[in-house]
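**Q** One structure is given below, represented as structure tokens, and several questions about it will come after.
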Amino acid sequence: MKYGILGDIHANLSALRAVLGHFEREGVEQVLSVGDIVGYGAAPRECIELVRSVNAIVVKGNHDAACVGELDLRYFNNYAREAMRWTQSIVTEEQCQWLASRPFTIDLEHCSVGHGTYRRPELFDYVQSTTDADPSLDVLPTPVCFVGHTHVPVTCLRLRDDPLRTAYTTDTEIDLTESLKALVNVGSVGQPRDEDPRAAYAIFDSERERAWIRRVEYDIEREAQRIRAAGLPSVLADRLFLGV
Ligand code: ZN
């Protein structure tokens, strides 16, 4: 099975379209989303509908949870909070119900999906070190879990020849035959923060037991204009050009 995995989309329609175009070309059979479809960006309704139209399997991110009132906006910085209030005012009731009914994690035949962590996903903790990855790797029932949340693509893994240690790699091609368990952060479609402004996504080929982090250019100017036109903080448009 060939999976295409969408990292944090954050209501960036141009980036999402570009990535889905690549999925088609790559022959992706199943689309997965690690959550945060909404928040920051100016096309939340369009992004929700597009993700649903490709029958994606979707977990709930912290911005999705905030959108439906499950997470206190106090945990957000000012810009995120302002964008979330705007998002809440324009998503439909039906879209809210759909977002609210997404699970925090999903286990599939070949992999798992979560937003920040696999263990205690409802806390929306950040995996920023191998130590942060350990609790999730300890309980992961499948060989690999795809996550997002930090918007930085990096993989934490336990290698077959050194299973007691958790290692990490920023390699963009991940050979899963070498690992017992892996937590793959796929980066962000709509708001990369690794100083590469191109949209990030992952491809996972379960037969070849390999995953790839890929990047695609998209029309950033168009999406920045959409953010400004919506009256959202201009910093949310400016950061897209920098990938921060
Ligand atoms: Zn996010």
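The values are calculated or read from the model by the stated rules, or taken from the named source; none is laboratory data. On a predicted model such as this, the values are computed, not experimentally measured, just so you know. Virtual Cβ from ideal backbone geometry, glycine too; neighbours counted across all protein chains shown. Note: accessible area is taken over every heavy atom of the protein model, side chains too, but ligands, DNA and RNA are not part of it. Shrake-Rupley method; radii C 1.70, N 1.55, O 1.52, S 1.80 Å.
**Q** Would you mind stating whether Val139 is surrounded by fewer than 23 Cβ atoms within 10 Å (Cβ to Cβ) and closer than 29 Å to Met1 by Cα? Walk me through how you get there before you give the answer.
**A** On the way: surrounded by fewer than 23 Cβ atoms within 10 Å (Cβ to Cβ): yes; closer than 29 Å to Met1 by Cα: yes.
Judged against the criteria, Val139 is a match.
**Q** Same structure, new question: So which residues in region 179-223 are at positive phi and crowded, with 19+ Cβ neighbours inside 10 Å? Don't jump to the end; show me each part of the working.
**A** Taking region 179-223 as the starting set, the residues that turn out to be at positive phi are 187, 195, 209.
Within region 179-223, just Gly187 meets the criteria.
**Q** Let me ask another. Can you name the helices (runs of 4 or more DSSP H) wholly within region 4-98 that have at least 3 residues being touching a Pro at 6+ places or on another chain (Cβ under 9 Å) and open to solvent by 10 Å² or more (accessible area, probe 1.4 Å)?
**A** On the way: elements: 13-26, 44-53, 62-67, 78-90.
In region 4-98, 78-90 are the helices (runs of 4 or more DSSP H) which contain 3 or more residues that are touching a Pro at 6+ places or on another chain (Cβ under 9 Å) and open to solvent by 10 Å² or more (accessible area, probe 1.4 Å).
**Q** Using the structure shown, decide if Arg45 is in contact with a strand residue (DSSP E or B) (Cβ under 9 Å, 6 or more places away or on another chain), of a type outside the set (A, V, I, L, M) and closer than 15 Å to Cys96 by Cα. Please lay out each step first, then the result.
**A** Values: in contact with a strand residue (DSSP E or B) (Cβ under 9 Å, 6 or more places away or on another chain): no; of a type outside the set (A, V, I, L, M): yes; closer than 15 Å to Cys96 by Cα: yes.
No: the conditions fail for Arg45.
**Q** Select from region 99-121 the residues that are open to solvent by 50 Å² or more (accessible area, probe 1.4 Å) and without any contact (Cβ under 8 Å) to a residue 40 or more places away in the chain and write down the one among them that is nearest to Val51 (Cα to Cα).
**A** Step by step, filter region 99-121, then rank; the result is Ser101.
**Q** Is it true that Leu176 is open to solvent by less than 30 Å² (accessible area, probe 1.4 Å), under 23 Å from Val51 (Cβ atoms) and more than 19 Å from the chain's Cα centre (by Cα)? Spell out the reasoning first.
**A** Numbers: open to solvent by less than 30 Å² (accessible area, probe 1.4 Å): yes; under 23 Å from Val51 (Cβ atoms): no; more than 19 Å from the chain's Cα centre (by Cα): yes.
So Leu176 does not fit the description; no.
**Q** How do the strands (runs of 3 or more DSSP E) wholly within region 118-189 filter down when requiring 2 or more residues that are touching a Cys at 6+ places or on another chain (Cβ under 9 Å) and more than 16 Å from the ligand (Cβ to nearest atom): which remain?
**A** On the way: elements: 144-147, 154-159, 167-169, 173-175, 179-185.
Those strands (runs of 3 or more DSSP E) span 144-147, 167-169, 179-185.
**Q** Mind checking which pairs have a first residue in region 187-198 that is of a type in the set (A, V, I, L, M, F, W, C) and a second that is within 9 Å of the ligand (Cβ to nearest atom), Cβ under 6 Å, 6 or more apart or different chains?
**A** Val189/Gly7; Val189/Ile9
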